[in-house]
1. Just for the stretch 332-357: of the residues that are among the aliphatic types (A, V, I, L, M) and in a loop (DSSP other than H, G, I, E, B), which one is surrounded by the most Cβ atoms within 10 Å (Cβ to Cβ)?
2. Would you pick out the residues in the stretch 374-391 that are under 25 Å from ALA428 (Cα atoms) and either in contact with a Pro (Cβ under 6 Å, 6 or more places away or on another chain) or not assigned by TED's automatic domain parsing to the domain that holds GLY440 (or both)?
3. Taking the stretch 118-171, which residues are of a type in the set (Gly, Ala, Ser), within 22 Å of ALA216 (Cα to Cα) and surrounded by 24 or more Cβ atoms within 10 Å (Cβ to Cβ)?
4. Give the residue that is surrounded by the most Cβ atoms within 10 Å (Cβ to Cβ), with candidates limited to residues of the stretch 276-331 that are β-branched (Val, Ile, Thr), over 20 Å from the mean Cα position of the chain (by Cα) and assigned to a helix (DSSP H, G or I).
5. Do we find a residue being assigned to a helix (DSSP H, G or I), modelled with pLDDT of 95 or more and buried (at least 16 other Cβ atoms within 10 Å of the Cβ) anywhere in the stretch 402-413?
6. Does any residue in the stretch 289-308 that is closer than 16 Å to LEU334 by Cα come within less than 7 Å, Cβ to Cβ, of a residue that is acidic (Asp, Glu) and surrounded by fewer than 22 Cβ atoms within 10 Å (Cβ to Cβ) six or more places away or on a different chain, and which pairs are these?
7. Within the stretch 194-205, can you find the residues that are within 20 Å of the chain's Cα centre (by Cα) and at pLDDT 85 or above?
8. Which residue is nearest to the chain's Cα centre (by Cα), if the candidates are limited to the stretch 156-180 and must be in a loop (DSSP other than H, G, I, E, B) and more than 18 Å from VAL191 (Cβ to Cβ)?
Amino acid sequence: MSGSGGDWAGRRLHFIGVGGAGMSGLALVCARLGATVTGSDRSDSSYMERLRQAGLEPTVGHDAANLPEGAEVVVSTAIGADNPELALARERGVEPIHRGALLAELCAEKRLIAIAGTHGKTTTTAMAVWALRAIGADPAFFVGGEVPGVGEDGEAANAGWGEGEWVVAEADESDGSFLELKPEIAVVTNVEMDHHTRWGSLAELHRAFERFTAPAAGVVLPVAAAVDAEGGSGADSLYERIAAGREVRRFSDVVPEEPAVSLAVPGRHNRANARAALAAIGLAGLDVAAAAAALASFPGVRRRLEVKGSRGGVRIYDDYAHHPTEVRAALSALRELEPEQLIAVFQPHLYSRTKALATEFGAALTLADELVVLDVYPAREEPVGELAGVSGLRVAQAAAERAGGRPVWWLPDAGTARRALVDRLGRADPGTVLVTIGAGDVFKLGESLIEEER
């Protein structure tokens, strides 16, 4: 299949929030298919720079004047009703298109492998794309992160429109938008409660995953007891319901004859991600052994155990983990590197998640030898109403109760934390590893430590 069946060249699309990981990828592909694309975001980012490199001109800042006449408007869940561009569109009688609906429209033009799950979906999607490209399948793809080496120019990319028959898409449950997709092959990495303001209960979330997988002819599922031990009550019965009446691959049976999987990226969770990606490739009828060999050179995804640099003898990593299971997986992976000491700097993400999971975060973080906790990165939330009084201190207290005397620092703001860490790393043993953890802007703290040394 070479190109697109839709009349994209006749469309004008304006993306409000175009600088996000998912939205920027959609904008790039729509432009690649011939649509006229504009967009805006409240701040600049690496994704905005990638749009500029592709010849687009996104605007920094939201203003009604940004909206072209006659444009369709694409929004994400993060865009509020008071956004001036969205308000003007509605005044003009233009009903916005949710990013999930646009992703589904694009994915309908090829055979779809959709990869969902509470944890690991970005890396699993990236691994599938990397392996498929290596074996010549040339897929289209949409990944919720930047993957080095998969762009048309060999640079990092989060989306592309290959000439092959398959499209690989990360399927997001956070806002329910994955229910728009109609996958031929559906991958479920695991299922846990994470987005507490969207899903009222684990049972409701399970029903959503059943609906997501319903159109698929084949599904890839984990071994429930091994993957969902943390809070995944009912996972076994969920996976049994999903499996009924369709072709199924478990992570543990990747092939006919299982190839060895050797990875440059550490961690048991990444080995599970790789098996999930290979199982999907097997269901697609493609060469699993060649795909497994290709994963030996997979470089990882930015902000997923990404090596940022060093300060003296301290190696500095960054990870996007924002759920206790993800924190535990990241720290366990770094333990495989046998560091002299492991220092974790954690920034909780969202007041609602911090309130619900502070105790679990504290327990997960005790895999580090020393811990710094920052205040909550609020994203789209405010600490009002039921969230009043919630702060990162809850996580620091929970960790201190379980740390067995290991140091736990409560350093609410990044400036204070940086000053303390400059001193602490100056006294660190060679072979120490520091990792910044969180879905907010904590990575900037690690980068500032590296930049000062240069």
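The values are calculated or read from the model by the stated rules, or taken from the named source; none is laboratory data. Since we're looking at a predicted model, the values are computed, not measured. In this analysis, Cβ positions are derived from the backbone assuming ideal geometry, glycine residues included, and neighbour counts consider all displayed protein chains.
1. Step one: list which residues in the stretch 332-357 are among the aliphatic types (A, V, I, L, M), which gives 333-334, 337, 342-345, 350, 356-357.
From what's left, in a loop (DSSP other than H, G, I, E, B): 337, 350.
Details: LEU337: 14, LEU350: 24.
The selected residue is LEU350.
2. ASP375
3. Selection gives GLY120, ALA126, ALA128, ALA131, ALA140, ALA169, ALA171.
4. My answer is ILE281.
5. Checking the stretch 402-413: not a single residue is assigned to a helix (DSSP H, G or I), modelled with pLDDT of 95 or more and buried (at least 16 other Cβ atoms within 10 Å of the Cβ).
6. Taking only residues 6 or more apart or on different chains, the pairs are LYS308/GLU447.
7. Answer for the stretch 194-205, where residues must be within 20 Å of the chain's Cα centre (by Cα) and at pLDDT 85 or above: just LEU205.
8. ALA156
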